[in-house]
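The values are calculated or read from the model by the stated rules, or taken from the named source; none is laboratory data. In this text, all values refer to a predicted model and were calculated from it rather than measured experimentally. Please note: Cβ atoms are built from the backbone with ideal geometry, for glycine as well, and neighbour counts cover all protein chains shown. Accessible surface areas use protein heavy atoms only, side chains included; no ligands, DNA or RNA. Shrake-Rupley method; radii C 1.70, N 1.55, O 1.52, S 1.80 Å.
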Amino acid sequence: MVEFIAFDADDTLWHNETYFSEAQERFKVMMQEYQGGEFSGKHLYETEIKNLKHYGYGVKSFGLSMIESAIELTHGRISAADVSVLIELTKDMLNAPVNLLPEVRAVLDELSGDYPLMVITKGDLLDQKGKFNRSGLAEYFRAVEVVNEKDPQTYCEVLRRHRIRPEEFLMVGNSLRSDVLPVIEIGGQAIHIPYHQTWEHERVLLEDLQPRPFAQLESLGQLPEWLEARVLAA
């Protein structure tokens, strides 16, 4: 039986990956000017992953990785003006509007009367709290947890703090790697709602999904009906 529901934030409640994709395209155009039209995004991605242990997740980490990658790709030839462009691009991402996904507010309005709701999201604390405040969704949630990583240990710590039993906990999110598999591992329940774009680091091989049971919905709007069916079945 589900007694407590948590939602991922980025690409589950509001659009996020699209901003990163747009920034990567602008970065690509800039690097092509230095490299004669040839550019692979592999170096930037590898720099991002390498820097996770230093900066964590989020826009600021991505911005620093763009600058580092640009310096390495251009062998130090990148101009101060172009570094400034990357800094401004990072600031634009930090100040980007929070655009909710379809049906989010209606679903939260319906569920918040029956379930205590929480947000569990990765990223920079200041950035994530800022997006949450700008989203206008604060009234629906009892708690917001911004964590450095979403792994079984982190979920256990969050549930322990809020005195939630894993078997009564449901996590809803767009990432199999972060929102589904670690929750299943600790005995919780999870629903995967795919987003049309997925960061490479969050992708999961099909063999990693078996035999771990979880539900997958096409949109957040299907969640109330799914929950109602579970209640009736119980």
Which residue is nearest to residue 145 (Cα to Cα), if the candidates are limited to segment 158-202 and must be polar (S, T, N, Q) and out of contact with any Phe, Trp or Tyr (no Cβ under 7 Å at 6 or more places or on another chain)? 178
Residue 51 meets each of (1) in a loop (DSSP other than H, G, I, E, B); (2) open to solvent by less than 60 Å² (accessible area, probe 1.4 Å) with one exception, condition (1)
When you look at residue 31, is it open to solvent by less than 10 Å² (accessible area, probe 1.4 Å), at pLDDT 95 or above and either of a type in the set (A, V, I, L, M, F, W, C) or under 23 Å from residue 146 (Cα atoms) (or both), yes or no? no
What number goes with the only condition from (1) open to solvent by 80 Å² or more (accessible area, probe 1.4 Å); (2) of a type outside the set (Lys, Arg); (3) under 17 Å from residue 22 (Cβ atoms); (4) in contact (Cβ under 8 Å) with a residue 60 or more places away in the chain that residue 59 does not pass? (1)
Considering only segment 74-102, state which residues are open to solvent by less than 30 Å² (accessible area, probe 1.4 Å) and assigned to a helix (DSSP H, G or I). 86, 89, 90, 93
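For (1) within 15 Å of residue 97 (Cα to Cα); (2) open to solvent by less than 30 Å² (accessible area, probe 1.4 Å); (3) without any contact (Cβ under 8 Å) to a residue 40 or more places away in the chain, each residue gets a yes or a no:
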| position | (1), (2), (3) |
| --- | --- |
| 1 | no, no, no |
| 7 | no, yes, no |
| 24 | no, no, yes |
| 27 | no, yes, no |
| 39 | no, no, yes |
Mind checking which residues of segment 142-163 are closer than 17 Å to residue 184 by Cβ and in contact with a Lys or Arg (Cβ under 7 Å, 6 or more places away or on another chain)? 149, 150
Which of the residues belonging to segment 108-138 are part of a helix (DSSP H, G or I), surrounded by 14 or more Cβ atoms within 10 Å (Cβ to Cβ) and among the polar types (S, T, N, Q)? 128, 135
Among the listed residues 45, 57, 19, 34, which satisfies the condition of being assigned to a helix (DSSP H, G or I) and under 15 Å from the mean Cα position of the chain (by Cα)? 19
Does residue 65 count as modelled with pLDDT of 95 or more and buried (at least 19 other Cβ atoms within 10 Å of the Cβ)? yes
